[in-house]
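The values are calculated or read from the model by the stated rules, or taken from the named source; none is laboratory data. Everything numeric here is computed off the predicted structure, so don't read it as measured data. Heads up, the Cβs are rebuilt from the backbone with ideal geometry, glycines too, and the neighbour counts pull from every protein chain shown.
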Amino acid sequence: MAPSAAPQRTVIENVAIATVDAEDTEYASGHIVVAGNRIESIGAGPAPQGLEHVVRRVDGTGHLATPGLVNTHHHFYQWITRGLATDHNLFDWLVALYPTWARIDEDMVRAAARGSLGMMARGGVTTAMDHHYVYPKGSGDLSGAIIGAARDMGVRFTLARGSMDRSEKDGGLPPDFAVESLEGALAATEETVEEHHDASFDAMTQVAVAPCSPFSVSTELMTRGAELARRLGVRLHTHGSETVEEEKFCHELFGKGPTDYFESTGWLGDDVWMAHCVHMNDSDIAAFARTGTGVAHCPSSNARLAAGIARVPDMLAAGVPVGLGVDGTASNESGELHTELRNALLINRLGAHKEAALNARQALRLGTYGGAQVLGRASQIGSLEAGKLADLVLWKIDGIGHSSIADPVTAIVFGAAAPVTLSLVDGEPVVEHGRLLKVDEDAVARAARDEARRLARIAAEH
Ligand SMILES: [Zn+2]
């Protein structure tokens with residue numbers, strides 16, 4: 001019988017570290033030892049002597065190590081519809097794009113997912129999510145294509161299996177051919193959870209139940225979606241309180257605002273996270289805090305669609321878990337999470353709390369630990385601590401972009417997107433020197449361009 005394999009170790013030394021643990025512990029020069037897929041030790045100065053099975057030593061001089069970034073809201077398929085409807089508000093933008101989105105198929109979604117994931121991974125994202133809600137009839141195995149793309153890229157992943165069943169004929173926004181039936185959506189969601197959700201500590205793939213939004217989903221799909229998620233023991237995700245138009249829509253259709261509507265359909269709880277939450281009054285924020293409902297803050301998308309500024313400082317003060325989201329790249333063409341760290345900080349300073357709204361360390365926390373919290377994975381990822389999974393990034397801060405910025409955390413949040421010298425997911429290198437290791441980056445770019453052109457051609461024919 002072969003002896004059980006001892007865990008292989010990677011030792012990183014001479015590196016500045018922002019752990020983002022509960023005390024915000026930082027080291028000006030420290031070490032991280034990774035054994036297998038876990039962080040074995042972390043601290044000031046060099047690594048312990050005499051470690052066995054060391055397969056790699058990394059000199060982190062000139063770098064800051066942080067937890068890998070966690071993205072909590074995205075729509076991968078939009079990677080191939082970027083740069084369209086650039087001067088619209090949310091509802092006009094949706095109406096302009098739905099007819100194109102309704103023509104997506106499996107090859108398009110795969111290429112778009114690889115583009116979205118590749119862009120994020122290059123920029124230090126180690127855990128991604130995709131809220132996918134467009135499942136046109138006969139379009140193939142879209143969920144399988146997305147999950148496969150994340151697996152190929154080596155990134156930890158949550159698929160929020162979305163759905164829409166309220167089309168134009170029922171007073172909703174999407175066209176008829178872009179929606180599923182109520183029963184069809186619920187059955188397909190349950191099947192996706194059964195097939196792909198992994199509840200283990202070091203899961204690489206998880207699935208959440210995620211009807212799209214109040215204005216594209218029936219009340220019954222919301223209610224039964226929540227029941228389904230709780231029966232299966234998975235998380236719940238949707239869009240909420242994004243615009244004033246949505247608030248008006250909810251009042252007209254349901255006789256109440258979005259948060260009260262969510263409460264009445266079982267959608268507040270510590271197993272729920274919601275994208276945007278821009279238009280929240282004090283009692284909405286208190287309801288989120290009381291129930292532990294999380295928020296995916298998407299400042300770039302909110303700015304592009306002129307939706308408004310989410311009250312992140314008030315949410316944090318009330319104890320609401322808040323993470324960051326890129327949102328779909330049809331409303332945030334950059335598709336990288338660094339922009340969200342920076343914009344969360346800058347845009348919130350334009351709100352009521354001015355320069356006290358957020359600081360660089362709070363912004364980094366939103367993009368790491370906060371994201372882990374809203375995805376329900378704070379015990380496993382989101383901070384650099386012994387025993388947690390080895391998802392971490394080494395940012396190069398001694399190059400032209402950052403060498404003269406006084407403080408390492410300030411450098412990566414206020415400064416330009418810092419080059420990623422090394423990114424580990426589950427202890428495995430995924431990015432080195434700014435390049436993806438597991439896929440051919442140029443092939444990903446070519447396929448995305450080709451599928452974007454094919455989609456534009458097909459959409460033009462209808
Ligand atoms: Zn969204």
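Structure notes:
- Only one of the listed residues (Leu384, Leu436, Leu364, Leu389) is closer than 15 Å to Ala121 by Cβ and crowded, with 16+ Cβ neighbours inside 10 Å. That residue is Leu436.
- Considering Ala229, Ala275, Ala296, the condition of being in a helix (DSSP H, G or I) and either in the same structural domain as Lys169 (by TED's automatic domain parsing) or away from the ligand (no atom under 16 Å from the Cβ) (or both) is satisfied by Ala229 alone.
- Among the residues listed as Leu424, Leu384, the single one being more than 15 Å from His338 (Cβ to Cβ) and out of contact with any Pro (no Cβ under 9 Å at 6 or more places or on another chain): Leu424
- Number of residues in region 237-266 that are part of a loop (DSSP other than H, G, I, E, B), away from the ligand (no atom under 16 Å from the Cβ) and buried (at least 18 other Cβ atoms within 10 Å of the Cβ) equals 2.
- For region 306-361, a tally of residues being under 22 Å from Leu375 (Cα atoms), in contact (Cβ under 8 Å) with a residue 60 or more places away in the chain and surrounded by fewer than 19 Cβ atoms within 10 Å (Cβ to Cβ) returns 2.
- Only a single criterion out of (1) buried (at least 18 other Cβ atoms within 10 Å of the Cβ); (2) in contact with a helix residue (DSSP H, G or I) (Cβ under 7 Å, 6 or more places away or on another chain); (3) part of a helix (DSSP H, G or I) is not satisfied by Asp107, namely (1).
- Region 216-226, residues that are touching a strand residue (DSSP E or B) at 6+ places or on another chain (Cβ under 8 Å) and part of a helix (DSSP H, G or I): Leu221, Met222, Gly225, Ala226
- Criterion violated by Ala372 - all others in (1) within 16 Å of the ligand (Cβ to nearest atom); (2) of a type outside the set (Asp, Glu); (3) at pLDDT 95 or above satisfied: (1)
- Boolean, Ala386 is more than 16 Å from the ligand (Cβ to nearest atom), closer than 28 Å to Ser200 by Cα, of a type outside the set (Asp, Glu) and modelled with pLDDT of 95 or more: yes
- Applying the criterion of being hydrophobic (A, V, I, L, M, F, W, C) and within 18 Å of His132 (Cβ to Cβ) to the residues of region 188-214, the residue that is farthest from the ligand (Cβ to nearest atom) is Met204.
- In summary, Ile309 fulfils each of the numbered conditions (1) away from the ligand (no atom under 16 Å from the Cβ); (2) closer than 30 Å to Asp92 by Cβ; (3) among the β-branched types (Val, Ile, Thr); (4) not in a loop (DSSP other than H, G, I, E, B) with the single exception of condition (4).
- Some residue of region 162-172 being of a type in the set (Lys, Arg), farther than 26 Å from Glu247 by Cβ and assigned by TED's automatic domain parsing to the domain that holds Tyr261: no
- Meeting the requirement of 2 or more residues that are in contact with an Asp or Glu (Cβ under 9 Å, 6 or more places away or on another chain) and of a type outside the set (A, V, I, L, M), the strands (runs of 3 or more DSSP E) wholly within region 361-462 are 420-425.
- Out of Ser139, Ser143, Ser116, sole residue that is surrounded by 21 or more Cβ atoms within 10 Å (Cβ to Cβ) and either modelled with pLDDT under 95 or under 17 Å from Asp327 (Cβ atoms) (or both): Ser116
- Exactly one residue out of Ala160, Ala121, Ala149, Ala102 is more than 20 Å from Ser301 (Cα to Cα) and at pLDDT 95 or above: that is Ala149.
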